Amino acid sequence: MSETYELKTIGHVRSDFPEKFGIPRQAGIVDALESAIILEPEYRREEALRGLEGFSHIWVIWQFSEAVRDSWSPTVRPPRLGGNKRVGVFASRSPFRPNGLGLSCVRLKSIEYSSSGEPVINVFGADLCDKTPIFDIKPYVPLSDCVPDALEGYTKMTKEHILSVHIPEEKALLLPKNKLAALKEILQLDPRPGYDDSPEKLYGLSFAGYNIKFSVKNDVLCVSDIEKIKR
């Protein structure tokens, strides 16, 4: 019989992604992307974060809350392998895992405190959907966490290709200036699944309260519209 353990949610992420589509496939590859970790009341204690400000990066352990399932498969199909080739679930970073846990290394921007002393942890480069449950936070320690000569496995063949991104000036003006750089980085990395490359298809990406419509042809991504999402 498998042992079970209880995990307590210590906080949630506040990010510009209300849904999965468009979220960077790994943490840290879109450094301009800003997010915040909002702690639950029980953990909003300044002493719990004492010393964390001295680190440049942190590990975040979280739940794939948008991919919760009652069952699991020993193999998965990574999108960047075309969506057809299978690899072992433990040789992947697929969200469809026995425990649905994610691990991200993000850059610490700041820890801000409200007038009542409640902390907000601001980070760069998170690959998390808005409201993602957070289970733990740990400092990144270069001495032990950095392995310069680590092998890449099959990911060496699936490194991201960079698209050219064209956003008409009149459309770019519709987006807040502090969000434009992150959006360009997100689009450059090609948010489409690896097996979906139809040049006629119009895609929609929800980001920072806006619906970004775009198409891709010959490795050029063209944004056709940016619309404010009505709430």
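The values are calculated or read from the model by the stated rules, or taken from the named source; none is laboratory data. Everything numeric in this text was worked out from a predicted model, so none of it was measured. Quick reminder, even Gly has a Cβ in these numbers, built from the backbone with ideal geometry, and neighbours come from all protein chains shown. Only protein heavy atoms, including side chains, enter the accessible area calculation; ligands, DNA and RNA are left aside. Shrake-Rupley method; radii C 1.70, N 1.55, O 1.52, S 1.80 Å.
Accessible surface calculations at 1.4 Å, restricted to protein heavy atoms, place the stretch 100-151 at 54 Å² per residue. As a fraction of the 1.4 Å probe accessible area of the stretch 1-139, surface on carbon and sulfur atoms comes out at 49 percent. Secondary-structure-derived ellipticity at 222 nm for the chain, considering helices only, amounts to -2000 deg cm²/dmol, per-run term -39500 (n - 2.57) for DSSP H runs with n ≥ 4. Semi-axis lengths, largest first, of the ellipsoid equivalent to the chain are 30, 25, 17 Å, with √(5λ) applied to each eigenvalue of the Cα gyration tensor.
Peptides 196-207, 180-191, 144-155 ranked from most to least packed give 180-191, 196-207, 144-155, packing being the mean of other C-beta atoms within 10 angstrom over each peptide's residues. Its alpha carbons considered, the stretch 92-181 gives a radius of gyration followed by a Dmax of 18.2, 50 Å. Dividing the radius of gyration of the alpha carbons in the stretch 17-76 by their Kirkwood radius gives 1.02 for Rg/Rh. When the chain is described by a simple charge dipole with +1 on each Lys and Arg Cβ and -1 on each Asp and Glu Cβ, the residue from Leu52, Leu151, Tyr113 located farthest towards its positive end is Leu151. How many angstrom separate the Cα center of the stretch 58-80 from the Cα center of the stretch 186-220? Between the Cα centre of the stretch 58-80 and that of the stretch 186-220, the gap is 23 Å. Using +1 at the Cβ of each Lys and Arg and -1 at the Cβ of each Asp and Glu in the stretch 1-109, identify which of Ile61, Tyr5, Val30 lies farthest towards the dipole's positive end. Of Ile61, Tyr5, Val30, it is Val30. The share of accessible area on the stretch 162-231 that comes from carbon and sulfur is 49 percent, using a 1.4 angstrom probe. Hydrodynamic analysis of the stretch 121-231 uses the Kirkwood radius over alpha carbon pairs. Inserted into Stokes-Einstein at 37 °C and 0.692 mPa s, it gives a translational diffusion coefficient of 196 µm²/s. When peptides 31-38, 208-215 are sorted by average Cβ neighbour count within 10 Å, with the highest value leading, the order is 31-38, 208-215. Here the chain is assigned +1 on the Cβ of each Lys and Arg and -1 on the Cβ of each Asp and Glu. Its dipole about the Cα centre then comes out at about 520 debye.
Considering all C-alpha pairs of the stretch 55-123, those separated by over 13 Å amount to 72%. Take every pair of alpha-carbon atoms less than 8 Å apart whose residues are at least six positions apart; their mean separation over the length of the stretch 89-231 yields a relative contact order of 16 percent.
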